[in-house]
Each structure stands twice: as C-alpha cells, then as structure tokens.
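J.: This structure is in structure tokens; I'll ask about it shortly.
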Amino acid sequence: AGNAFVVEDSASTDSSPFVISSSGQLIVGNTTAFAASTITPGINFQGPAGTNGANAIGLNGFSNDSGGPAIYFGKSRGVTIGTQGLVSNNDVLGGLLFEGSDGTVMRRGAAILSEVDGTPGASDMPGRLVFSTTADGASSPTERMRINSAGLVSVTGTFSVSGQASYAVGSAAAPSVKVGGEQNGLYSSAANTLDVTLG
C-alpha cells in the first residue's frame with residue numbers, strides 16, 4: 001500500500017524487498033526508507049541485519065585502461081531535472097556523511113563536504129574540501145580542516161600552508177604550526193627555509 005512497485009521473495013515475504021515508492025524513492029532491503037539525522041534519502045540500501053559487510057557498496061572496474069570506478073556528485077540550481085542552473089559561492093556540491101545511533105536517533109559523527117569556494121562562471125568552478133568531526137559531548141560536527149580553491153590547507157583555523165617555498169610566517173616564540181606545547185612547532189623564518197623549534 002502506498003508503493004508504486006514492489007518485488008519480494010515469495011518464500012519469505014518482506015525479507016529482501018525492492019521497492020519504488022509512490023514518491024519515487026528507490027528502497028532496497030526494506031519496505032520503507034530509513035531517515036538520516038537531517039534528510040530522508042531518495043535511494044536507500046539496507047543490507048541483512050547483523051551480517052558483517054552486507055551493508056557495504058562495492059565498486060569494481062575491470063578494463064585495460066587508466067580509468068577506474070568513481071562516485072559522481074553533481075549540483076545544479078536548475079529546478080527541473082536535467083536543467084543547468086548556476087551554483088553560488090558556498091553551495092554544497094556533494095558530501096560524505098557519517099552517522100551513528102545514540103540509542104534514539106542517528107547523530108552525525110563526521111562529514112567531508114565539497115563546497116563552491118568563490119564565484120563560479122562559464123568554465124570556472126572554484127571548489128574546496130571541508131573535513132568536520134563531532135567533539136565528545138556534542139551532537140553535530142565542527143570544521144577541523146579545509147583545503148581551499150587556491151590549495152591552501154588550514155587545520156582548526158590555527159595555521160595555513162600555501163605550498164609555496166617562499167611562504168614565511170611565525171617565529172620560534174610563536175610558531176605557525178604548534179605540536180604539543182606552547183613553543184613546540186614549525187615556522188618559516190625566511191624564504192626556502194623550514195625551522196623546527198622545541199620549547
């Protein structure tokens with residue numbers, strides 16, 4: 001009832017159904033979709049309960065060339081399927097969201113997001129990767145590391161590295177990258193140099 005198309009195992013009804021709901025959701029392994037913490041997926045896979053690895057998705061490619069399996073994420077602001085609508089700065093292009101049950105609902109423990117990092121245009125799509133984790137005692141992720149469209153890497157907002165040999169920042173008393181203590185870390189005192197200080 002309420003589903004547009006259902007395939008079931010006749011010997012064990014509802015044990016491994018394949019369902020297309022009346023709203024167009026594709027559901028494999030269950031009769032209804034399981035909602036995540038903030039979304040209800042349009043495609044939902046549920047492997048056999050209690051079976052190790054049954055919930056995994058495998059992508060294998062067998063071809064004598066340089067290509068390999070891939071997962072594609074595409075974002076358009078077009079409101080009709082298949083239409084092209086220019087995305088905007090800070091739009092999320094795709095993400096990997098990791099969640100676990102707190103005994104009542106699913107809570108997000110970590111996330112990796114790809115976002116637009118600037119003003120896009122014809123043949124121009126600046127992007128960044130944002131890595132977030134949820135702190136102990138919290139219920140939602142906080143950004144921990146970012147790689148922006150210029151290739152700059154920032155970790156918890158405390159330092160950035162440009163990848164340029166001439167990048168100079170910090171001092172022995174206040175290193176730009178701190179490891180361990182107040183004065184333990186890395187800094188660049190001049191072009192093409194890297195200094196290590198142990199307080």
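J.: I'd like to know if the range 72-88 contains one or more residues that are in a loop (DSSP other than H, G, I, E, B), open to solvent by less than 70 Å² (accessible area, probe 1.4 Å) and within 24 Å of S140 (Cα to Cα).
T.: No, the conditions are met nowhere in the range 72-88.
J.: Only residues that are within 17 Å of the chain's Cα centre (by Cα) and either outside any strand (DSSP E or B) or among the acidic types (D, E) (or both): list them for the range 89-99, please.
T.: Residues satisfying the conditions are N90, D91, E99.
J.: Right, something else. Exactly one condition in (1) assigned to a strand (DSSP E or B); (2) over 25 Å from G121 (Cα atoms) is false for S66; which is it?
T.: So S66 meets the others, but not (1).
J.: Given (1) surrounded by 12 or more Cβ atoms within 10 Å (Cβ to Cβ); (2) closer than 24 Å to T40 by Cα, identify the lone condition not met by R128.
T.: (2)
J.: Counting only residues that are part of a loop (DSSP other than H, G, I, E, B), within 13 Å of V7 (Cβ to Cβ) and hydrophobic (A, V, I, L, M, F, W, C), how many does the range 19-33 have?
T.: Count: 0.
J.: Kindly indicate which of S114, S123 is open to solvent by 70 Å² or more (accessible area, probe 1.4 Å), among the hydroxyl-bearing types (S, T, Y) and either under 26 Å from Q84 (Cβ atoms) or under 17 Å from the mean Cα position of the chain (by Cα) (or both).
T.: S123 is the lone residue from the list that is open to solvent by 70 Å² or more (accessible area, probe 1.4 Å), among the hydroxyl-bearing types (S, T, Y) and either under 26 Å from Q84 (Cβ atoms) or under 17 Å from the mean Cα position of the chain (by Cα) (or both).
J.: Which residues, taken from the range 119-133, are within 16 Å of S154 (Cβ to Cβ) and touching a residue at least 24 places away in the same chain (Cβ under 8 Å)?
T.: Once the filter is applied, which keeps residues that are within 16 Å of S154 (Cβ to Cβ) and touching a residue at least 24 places away in the same chain (Cβ under 8 Å), the range 119-133 yields G127, T133.
J.: Right, another one. Anything in the range 100-111 that is open to solvent by 60 Å² or more (accessible area, probe 1.4 Å) and either in contact with a Phe, Trp or Tyr (Cβ under 6 Å, 6 or more places away or on another chain) or in a strand (DSSP E or B) (or both)? List them, or say none.
T.: Correct list: S101, M106, R107.
J.: Among the residues of the range 69-91, count how many are under 14 Å from G127 (Cα atoms) and of a type outside the set (A, V, I, L, M).
T.: Total satisfying the criteria: 7.
The values are calculated or read from the model by the stated rules, or taken from the named source; none is laboratory data. Quick caveat, the model's predicted, so the values are computed rather than measured. Every residue, glycine among them, receives a Cβ derived from its backbone with ideal geometry; neighbour counts consider all protein chains shown. For the accessible areas, the whole protein counts, side chains as well, though only heavy atoms, and no ligand, DNA or RNA atoms are used. Shrake-Rupley method; radii C 1.70, N 1.55, O 1.52, S 1.80 Å.
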